[in-house]
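Below is one structure; the comments refer to it alone.
The values are calculated or read from the model by the stated rules, or taken from the named source; none is laboratory data. In this text, all values refer to a predicted model and were calculated from it rather than measured experimentally. Cβ placement follows ideal geometry from the backbone for every residue including glycine, while neighbour counts extend to all protein chains displayed. Side chains are part of the model used for accessible areas, which takes the heavy atoms of the whole protein and leaves out ligands, DNA and RNA. Shrake-Rupley method; radii C 1.70, N 1.55, O 1.52, S 1.80 Å.
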Amino acid sequence: MGRVSMVSSCKGFKSHPDIVLKDHLRSVGEACKRVLEENGIVDESFLLTAEVVGKTHDFGKYSRYFQDYLNRRGKLGKELRSHAPISAAYAAWTVYRLLKGKSDYASLLASYALLCVHAHHHNLSDSLYNWLELTDLLESITGNNNYLQQLKSIEECVDVISRELEDLSLTDLREFIKEFRTGLRELKKAIIMTQNQQGLTFKDFYNLLLLFSVLIYSDKLQAAGLKRSNQREHLIGKLVDLYKQRRFKESTGQMAAIREAIYRDAMSSLEQLLKSENIPKVITITAPTGSGKTLLGLSTALRLREEVYKRTRLLPRIIYVLPYINIIEQTYDTFADVLRATGFFEGRDPLRLLLKHHHLAPFEKQDGEERPLSEVLLLTESWDSEIVVTTSVQLFETILGTRNRMLKKFHKLCNAILILDEIQTLPLEYWKLIKEALV
């Protein structure tokens, strides 16, 4: 059997070949919190959890085994160089330690942290609904000899690593090492107690997805060295009215008159609804085929978005959902024409304004733009646009699934305006689930 030569070093820790580990942890942690704040999240405990998850998600990369793997020194087994499990334990332990006695949901938030960090390179587990699996997961980490070896290598550099973590406002590394070796008993006990008290809801599931989404989104962005623009684009509520004046001012005939009557009646009803103290969560538009529902839906969403911003200073994204790709293409072309005819594409990045997303779209030009594939994939899969035209599959596999690739955009649904067009095409057996998931 060959011998693996290890080079012990307590300096120059990297997360990726050209990225300093401490800098990466700081950037991801700050980004996780900032993205949530931009989406209107104000719960301090949840914001703290997101920041800690970001700052601890690659903690395991402090082990010399990962550093040797990164620097191609020796051959190591996958489990010995794997960084997610011990990082997950540290994330959960840190969240619980910071929040116990301050939040009624300290152990629940610690459970979120455990699941999110453990899965940040693959698909999220649904173990939140089986608390025994969570304690089993902790035991499988703390009882694994490979992770104990990782911990020992971190302990060999504990002074240096502690200083780096303290610079990130993370303390007590020595205490974590001590408690890890005894199985993180207090944390496991807290999770078991929560199992007997907590009745989980869609909200709890969505909180887990939200935390996971901001983590993998921020991590991928930082690791790729891509800068995320926090510059949002304002679109006026009367944009469709302006478009209609320019495109259809010469339109005559009975059908044009019917479309205009439906449009004016619907927009008048909307204005009455917006005079109330609380904006309705669900608004239904029923109109025959060919009556201009696409423009009416966009106009309704833009006016709603304008009113929400006026009241909350939050700028909701508009997610227009359709069942078929060919209808998506038609709808996208219509929206692009609205933005182009009203001058909103001039001097702006078209993909920041309007995006179509289906399984073929990432490899197409959008509005004639040529850009690197990596950038197109990032913008497409992350829904980094003001208006997104997409499929029912993309929406529902995001809000009801656990796939990493799908969940990268979940946080863009936070406070978003969803337009479900042709909703009657969805199978009847899914309607109850969809209602419970969305309303």
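Just checking, how many residues over the stretch 248-302 are open to solvent by less than 80 Å² (accessible area, probe 1.4 Å), more than 22 Å from residue 438 (Cα to Cα) and not in a loop (DSSP other than H, G, I, E, B)?
Here the count works out to 13.
If you take just the helices (runs of 4 or more DSSP H) that sit entirely in the stretch 1-95, which of them hold at least 2 residues that are more than 24 Å from residue 138 (Cα to Cα) and among the small types (Gly, Ala, Ser)? Working first, answer last.
Values: elements: 21-38, 44-56, 64-70, 78-81.
In the stretch 1-95, the matching helices (runs of 4 or more DSSP H) lie at 21-38.
Any idea which of (1) open to solvent by 50 Å² or more (accessible area, probe 1.4 Å); (2) more than 20 Å from the chain's Cα centre (by Cα); (3) of a type outside the set (S, T, N, Q); (4) at pLDDT 85 or above is the one residue 400 doesn't satisfy?
In the conditions (1) open to solvent by 50 Å² or more (accessible area, probe 1.4 Å); (2) more than 20 Å from the chain's Cα centre (by Cα); (3) of a type outside the set (S, T, N, Q); (4) at pLDDT 85 or above, residue 400 misses (2) alone.
State yes or no: is residue 133 without any contact (Cβ under 8 Å) to a residue 24 or more places away in the chain and open to solvent by 10 Å² or more (accessible area, probe 1.4 Å)? Steps first, answer last, please.
Values: without any contact (Cβ under 8 Å) to a residue 24 or more places away in the chain: yes; open to solvent by 10 Å² or more (accessible area, probe 1.4 Å): yes.
In short, yes.
Please give the number of the condition residue 380 fails out of (1) more than 19 Å from residue 215 (Cβ to Cβ); (2) buried (at least 19 other Cβ atoms within 10 Å of the Cβ); (3) of a type in the set (S, T, N, Q); (4) modelled with pLDDT of 85 or more.
(4)
With the checklist (1) under 20 Å from the mean Cα position of the chain (by Cα); (2) open to solvent by less than 30 Å² (accessible area, probe 1.4 Å) in hand, flag the one item residue 121 doesn't pass.
(2)
Among the residues of the stretch 332-354, which ones are at pLDDT 90 or above and open to solvent by less than 30 Å² (accessible area, probe 1.4 Å)?
Across the stretch 332-354, the qualifying residues are 332, 335, 336, 338, 339, 341, 342, 343, 344, 345, 353, 354.
Taking residue 102, is it open to solvent by 80 Å² or more (accessible area, probe 1.4 Å), of a type outside the set (Phe, Trp, Tyr) and part of a helix (DSSP H, G or I)? So that I can check it myself, show each step before the final result.
Numbers: open to solvent by 80 Å² or more (accessible area, probe 1.4 Å): yes; of a type outside the set (Phe, Trp, Tyr): yes; part of a helix (DSSP H, G or I): no.
No: the conditions fail for residue 102.
Looking for whichever is open to solvent by 10 Å² or more (accessible area, probe 1.4 Å), within 23 Å of residue 223 (Cβ to Cβ), in contact (Cβ under 8 Å) with a residue 40 or more places away in the chain and of a type in the set (Lys, Arg) here; the options are 73, 81, 97. Which one fits?
Details: 81 fails: in contact (Cβ under 8 Å) with a residue 40 or more places away in the chain; 97 fails: within 23 Å of residue 223 (Cβ to Cβ).
Residue meeting the stated conditions: 73.
Which is over 19 Å from the mean Cα position of the chain (by Cα) and crowded, with 24+ Cβ neighbours inside 10 Å, of 50, 92, 113? Write out each step before concluding.
On the way: 50 fails: over 19 Å from the mean Cα position of the chain (by Cα); 113 fails: over 19 Å from the mean Cα position of the chain (by Cα).
It is 92.
How many of the residues in the stretch 309-331 are of a type in the set (Val, Ile, Thr) and either surrounded by 19 or more Cβ atoms within 10 Å (Cβ to Cβ) or on the phi > 0 side of the Ramachandran plot (or both)?
Step one: filter the stretch 309-331 for residues of a type in the set (Val, Ile, Thr), giving 312, 318-319, 321, 325, 327-328, 331.
Okay, now just the ones that are also either surrounded by 19 or more Cβ atoms within 10 Å (Cβ to Cβ) or on the phi > 0 side of the Ramachandran plot (or both), so 318-319, 321, 328, 331.
Adding up the residues that qualify gives 5.
Tell me which residues, restricted to the stretch 154-188, are more than 32 Å from the chain's Cα centre (by Cα) and surrounded by 19 or more Cβ atoms within 10 Å (Cβ to Cβ).
If the condition is that a residue be more than 32 Å from the chain's Cα centre (by Cα) and surrounded by 19 or more Cβ atoms within 10 Å (Cβ to Cβ), then 157 is the only one that fits.
Restricting attention to the stretch 15-47, which residues are open to solvent by 60 Å² or more (accessible area, probe 1.4 Å) and either of a type in the set (Val, Ile, Thr) or over 12 Å from residue 215 (Cα atoms) (or both)?
Residues of the stretch 15-47 that are open to solvent by 60 Å² or more (accessible area, probe 1.4 Å), as a first pass: 17-18, 20, 23, 26, 30, 33-34, 37-38, 42-44.
Passing the criteria: 17, 18, 20, 23, 26, 37, 38, 42, 43, 44.
Take residue 325 and tell me if it is closer than 27 Å to residue 357 by Cβ and in contact with a His (Cβ under 6 Å, 6 or more places away or on another chain). I'd like the intermediate steps shown before the answer.
Numbers: closer than 27 Å to residue 357 by Cβ: yes; in contact with a His (Cβ under 6 Å, 6 or more places away or on another chain): yes.
In short, yes.
I need the full set of residues from the stretch 219-244 which are surrounded by fewer than 12 Cβ atoms within 10 Å (Cβ to Cβ) and either in a helix (DSSP H, G or I) or on the phi < 0 side of the Ramachandran plot (or both), in order please. Show your work before the answer.
Taking the stretch 219-244 and keeping what is surrounded by fewer than 12 Cβ atoms within 10 Å (Cβ to Cβ), we get 225, 227, 229-231, 234.
Selection gives 227, 229, 230, 231, 234.
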